1. Leaving ligands, DNA and RNA out of it, report the carbon-plus-sulfur percent of the accessible area of the chain at a 1.4 Å probe.
2. Just want to confirm a number: the relative contact order over the chain, from Cα pairs under 8 angstrom separated by 6+ residues, in percent.
3. With every protein chain kept in place and ligands, DNA and RNA left out, what is the accessible area per residue of the range 84-189? Probe 1.4 Å, answer in Å².
4. Starting from the Cα coordinates of the range 378-469, work out the convex hull volume and express it per residue in Å³.
5. Pick out, in residue order, every one of the GluC sites (Glu not before Pro) in the range 318-378 that is DSSP loop and has at most 10 other C-beta atoms within 10 Å; say none if there are none.
6. Rounded to the nearest angstrom and ordered from largest down, what semi-axes does the equivalent ellipsoid of the chain get from its C-alpha gyration tensor (root of 5λ)?
7. Can you compute log10 of I(q)/I(0) for the range 227-319 with the Debye formula, treating each Cα as one identical point scatterer, at q = 0.13, 0.15, 0.24 Å⁻¹?
8. So for the range 17-241, averaging the separation of alpha carbon pairs under 8 Å that are six or more residues apart and normalising by length, what relative contact order in percent results?
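The values are calculated or read from the model by the stated rules, or taken from the named source; none is laboratory data. Model, not experiment: these values are computed from the prediction. Glycine also receives a Cβ, built like all others from the backbone with ideal geometry; neighbour counts cover every protein chain displayed. Protein only, heavy atoms only, side chains kept; ligands, DNA and RNA dropped before computing areas. Shrake-Rupley method; radii C 1.70, N 1.55, O 1.52, S 1.80 Å.
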Amino acid sequence: MSTLFNPLINGFHPDPSVVGVDGVYYLATSTFEYLPGIPIHRSTDFETWELIGHVATRPGQLGVEKVPTGGGAWAPTIRHHDGVFHLVITDAMGRGMLHFTATDAAGPWSDGDLLLKADGTGTIEGIDPDIAWDADGACFVTFSGLQLSGALNPNQPAHLGIQQVRVDLATHRALEEPRSLWSGTGLMFPEAPHLYEVDGAWYLLIAEGGTERGHSISIARGPSPEGPFVGSPGNPLVSARSTPRPIQNTGHGDLVVGPDGEWLCVLLGVRPRSGTRAFSALGRETFATPVTWADGWPAIAPVELNPRPGTRAEVVFDGPLDHEWVAVRRLPTEIADLESRSSALVLHADGTTLADSRPVFVGRRQEHLNNAVTARVDVSAGVGGLAVRYDEAFRIEIEAGGGTVTARASLGGLHQEWSAPLGTDVVDLHLDSRRPAPGRGIVSTSDMFHLGFTPDGGERVELAQVDGRFLSSEVTESFTGRVIGVYAVDGDVAVLRWAAEGDDE
Ligand code: 6LW
């Protein structure tokens, strides 16, 4: 393997799962309320990763249209068995625990079948499903027993620990009631289980401690996929808690034999910034780290930061949207088109704003800590602009239309606006994330947003600055991350050009 960059995949890509098939690697991550859902990245060297498509590209595959903030596509497992790609995932507060298949990981994937309880009364209740087969072909689904329905305790979802059932994939029905397995070293939220058979022994890898600073990975070993499992004396194999490491919250891992025959672990982490490294602007990203084996137990190396070179993306909308564009609880093609006007993406307002659950918003993940985005828009037929969102309650916009440009910060119910006159219908809107100026001693923040605009043929006007901490996973308590995109709130807004560049210096 040439270079192990970390982040392995920049921007909000949590809960990674990876499978190697004939020297090619396929990695899937969570997407929550965004569509298309469940991106698949492909690599042959674990250095360069290409987004080749998504599992959920059609309405109905996931049921995220009405999921609450943070619900939706949680924590996939991708595997390959008998020539078929399998992906299991929980559509949290949506359809439930689902099984997708494909012969090509780039798609098309199946419609998604609910994994049903043994008595057929509904979907298996739990999150983070794993799928594995024994030598006889028996299929095991191992999952975290978080009871999101609240049926056991409406005030606090109960957690039944790591659970497992054998499943008949022909009927998608469990063959038994869930049984409990080893559930870690006693930390909260045992989850993200994955089963591996290595040299005749079965290993159960899990995350525990919760996805924040206490996150960790532990492992146990047993004689069969059902156990009984005994925990490793080396647990936790991974944790950044109480360390000065630049990558924190490391956990939720998946193991794979890498390009050089060496084992690797992909896992989630965050890159917090500020004097005390308090604020993770981009959310949970995918990282990777080497694994070594001794005495029948794996050891996972601490995750080393090794950022990729900066990138620049420029889009002029003269062809189909690439796979990076996403929308909220609906597909981009439901709210925007490339046919209404040549070399333009036209957004069609429908009365919603970014405060709504299904805004007319099409965006891309913020992938770099230092970042600058410019969108050239024509607002002669409407009102809209450029925004960065974590969710409906935490977003920052710069909007044009009706002869005015307005910067707007909506932060958990706190709102502030700045306005300036605009004498043109075509305008470049700018939304930049920059390191904060040296300030008050150790106290600082992750970044500062700089909002500005350049009227067609004019000079850039700086309109507002907003502290970036308010759009971090620690402040928004969001499973997702920053998504920067274009939106419309009235009429039609034509996007003529998009440019995003950034680095992680
Ligand atoms: C995921 C679980 C978790 O299913 O959060 O905090 C969920 N841990 O592993 C969404 O990322």
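1. Of all accessible area on the chain, carbon and sulfur atoms account for 52 percent.
2. Values: 1520 pairs, mean separation 70.8, N = 505.
It rounds to 14 percent for the chain.
3. Accessible surface, normalised per residue, equals 42 Å².
4. 101
5. Answer in residue order: Glu339.
6. Working: eigenvalues 318, 120, 83 Å².
Whole-Å semi-axes of the equivalent ellipsoid: 40, 25, 20.
7. Values returned for q = 0.13, 0.15, 0.24 Å⁻¹ are -0.58, -0.71, -1.28.
8. Worked out over the range 17-241, it gives 11 percent.
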